[in-house]
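Visitor: Here it is, the structure in full.
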Amino acid sequence: MGILAGTAVGLLLGIAFGGLAIRRQGLYFTMITLALAQMVFFLCLQIKATGGEDGLQGIPRGMLLGVIDLSKTLSMYYFVLAVFLAGFVFIHRVVHSPFGNVLKAIRENEPRAISLGYNAERHKLVAFILSAGLAGLAGATKAVVFQLASLTDVHWSMSGEVVLMTLVGGMGTLFGPVIGAIFVVSLDNLLAPFGSWFTVVMGVIFVACVLLFKKGFVGSLRWPLRRPRPPTDMPVPGAAA
């Protein structure tokens, strides 16, 4: 029930915040989104229901469908695996659907997509709501696994970490964020003994990805495997000059 509640909260916040954020583009969109995220952080810090600085502790795992005991490590592992696979399949279906194709068109050239009759703001709002729902699902699942929900989960730096995972793995790819998440989390665990140096290392990786590996790990590996497409302005054989 806690995971469903977290997903529902994510969807509701996506509807409320998305309606404001999509009114701007580029840097202004990012600033509005970060400002709204900071408002949520402040509310979680002040409201007693969230535990304030202590967060929520001792979150019960309970029984899945009244049958599977999630307090067992193996049961929780397969449950999280099932949630991940379901989310991945859902994202794959959305990306390869007509709705996903419209989102790609808006990303590449929004004025052209609008000229073709598509409502860009409505499509961006739906994408914002879906991403918020998935974020709520991920956050609720993490809270159940660790039986803890802290303020760091709603801090603006968490958004930057997610962006870093996407850049490292490869934007515009399905497996890229997965590879990026594995890399960043593994590096986080590896550098945990060094304390604040983790932030410095993450900053260096972020700059390197922006300057050197714009396509990320998956994008850089996939790009050489693509067949070069012939230019569209090549003359047709046999045609008159």
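A short reminder: the numbers here are calculations on the coordinates, not readings from a lab. Everything quoted here is computed from the prediction, not taken from an experiment. Neighbour counts run over all protein chains shown; Cβ positions are idealised from the backbone, glycine included.
Visitor: Mind checking which of Phe42, Ala16, Phe146 is farthest towards the positive end of the stretch 1-154's charge dipole, using Cβ charges of +1 (Lys, Arg) and -1 (Asp, Glu) about the Cα centre?
Guide: Projecting each Cα onto the dipole axis, the largest value belongs to Ala16.
Visitor: Along the Cα→Cβ direction, 7 angstrom out, place labels at Met31 and Arg61. What is the inter-label distance in nm?
Guide: Between Met31 and Arg61, the label points sit 4.6 nm apart.
Visitor: Another question, then. If I model a spin label at Leu43 and Arg93 as a point 7 Å from the Cα along the Cα→Cβ vector, what separation in nanometres do I get?
Guide: According to this spin-label approximation, the distance is 3.0 nm.
Visitor: Between Gly117, Phe79, Gly58, whose Cα lies farthest towards the positive end of the dipole of the stretch 53-128 when Lys and Arg beta carbons carry +1 and Asp and Glu beta carbons carry -1, centred on the Cα centre?
Guide: Of the listed residues, the answer is Gly117.
Visitor: Treat the count of other C-beta atoms within 10 Å as a stand-in for reagent exposure and order Lys48, Lys215, Lys124, Lys104 from fewest to most. Working shown, then result.
Guide: Working: Lys48 6, Lys215 18, Lys124 21, Lys104 11.
Listed from fewest to most nearby Cβ atoms, that is Lys48, Lys104, Lys215, Lys124.
Visitor: Any lysines with Cα under 30 Å of the Lys48 Cα? List them, leaving off those in the same chain fewer than 8 positions away.
Guide: By straight Cα distance, Lys48 reaches Lys142.
Visitor: Still on this structure, I have one more. Report the residue, chosen from Gly51, Gly136, Gly14, that carries the largest GNM mean-square fluctuation when the chain is represented by alpha-carbon nodes joined by springs under 10 Å.
Guide: In the Gaussian network model the winner is Gly51.
Visitor: Connecting C-alpha atoms closer than 10 Å in a GNM of the chain, tell me which of Val207, Val218, Val102 has the biggest fluctuation.
Guide: Val207
Visitor: Please state the charge dipole magnitude for the chain, taken about the Cα centre, from unit charges on C-beta atoms (+1 on K and R, -1 on D and E), reported in debye and rounded to the nearest 20.
Guide: Working: 18 positive and 10 negative charges, 154 e Å.
Rounded to the nearest 20 debye, it is 740 debye.
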